Amino acid sequence: MATPSKTPPGADPKQLERTGTVREIGSQAVWSLSSCKPGFGVDQLRDDNLETYWQSDGSQPHLVNIQFRRRTTVKMLCIYADYKSDESYTPSKISVRVGNNFHNLQEIRQLEMVEPSGWIHISLLNQVKNIKIRFLNSVKTGSGAKLIIF
């Protein structure tokens with residue numbers, strides 16, 4: 001299960017960044033997805049608009065791969081999910097794996113969510129080159145989310 005973070009639950013990560021609490025580092029990485037529907041890919045996953053999101057287009061688990069050029073300290077992963085607006089695409093079980101390459105990843109967190117609404121903060125505090133987020137289950141069969149890394 002996820003370790004509680006020291007940030008307020010549900011706190012908007014962009015607001016935390018403006019106050020100097022954290023610094024977004026996702027732009028330093030290369031992002032890839034196991035699948036996506038046209039117009040619902042990495043750009044929508046990473047933009048600042050909560051009305052847009054990544055939408056998978058394949059069988060589960062749905063994957064988000066994040067690769068840094070060098071070992072990077074990652075303190076927190078923020079995922080936005082909203083059951084009321086996403087319904088079947090809302091993730092219900094997520095696994096986070098980290099490592100120095102995609103062949104030696106180890107699961108460090110697993111999170112189960114019931115009808116999530118808002119930002120979910122997952123503390124990592126790891127030096128990594130690669131992160132794989134596995135969306136293991138969704139409310140129905142799809143998957144959609146926003147992700148920010150600090």
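The values are calculated or read from the model by the stated rules, or taken from the named source; none is laboratory data. Everything numeric here is computed off the predicted structure, so don't read it as measured data. No Cβ is skipped: glycine too gets one built from the backbone with ideal geometry, and neighbour counts run over all protein chains shown. All accessible areas refer to the heavy atoms of the entire protein, side chains included, with ligands and DNA or RNA removed. Shrake-Rupley method; radii C 1.70, N 1.55, O 1.52, S 1.80 Å.
Rounded to the nearest whole angstrom, the semi-axes of the ellipsoid equivalent to segment 13-149, taken from the Cα gyration tensor as √(5λ), stand at 21, 17, 14, largest first.
Per-residue surface analysis assigns GLU107 an accessible area of about 90 Å², computed on protein heavy atoms at 1.4 Å probe radius. Ranked by solvent-accessible area (1.4 Å probe, protein heavy atoms only, all chains present), the residues CYS36, CYS78 order from largest to smallest as CYS36, CYS78. Looking at segment 13-149, the accessible area is 50 square angstrom per residue; that uses a 1.4 Å probe and ignores ligands, DNA and RNA.
The share of accessible area on the chain that comes from carbon and sulfur is 46 percent, using a 1.4 angstrom probe. Accessible area ranking (1.4 Å probe, heavy atoms, ligands and nucleic acids excluded), largest first, for ARG18, ARG71, ARG134: ARG18, ARG71, ARG134. Working note: Karplus 6.51/-1.76/1.60 with θ = phi - 60° gives segment 125-136 the couplings 6, 10, 9, 9, 10, 9, 10, 10, 9, 9, 8, 6 Hz, where Gly and Pro are set to x. Give me the number: length gained by fully extending LYS93 to GLN67, i.e. 0.36 nm times residue separation minus the C-alpha to C-alpha distance, one decimal in nm. Here the answer is 7.2 nm. Across the chain, the relative contact order, built from alpha-carbon pairs under 8 Å that are at least six residues apart, equals 35 percent. Ordered by solvent-accessible area of protein heavy atoms (1.4 Å probe), largest first, the residues ASP43, ASP57, ASP82 come out as ASP43, ASP57, ASP82. When the Cα positions of ILE131, PRO13, SER92 are compared along the charge dipole of segment 13-149, ILE131 comes out farthest toward the positive end, with charges on each C-beta of Lys, Arg, Asp and Glu. Residues whose amide H falls under 5 Å from that of VAL22, counting only those 5 or more places apart or on a different chain, are GLU17, with hydrogens built in the peptide plane.
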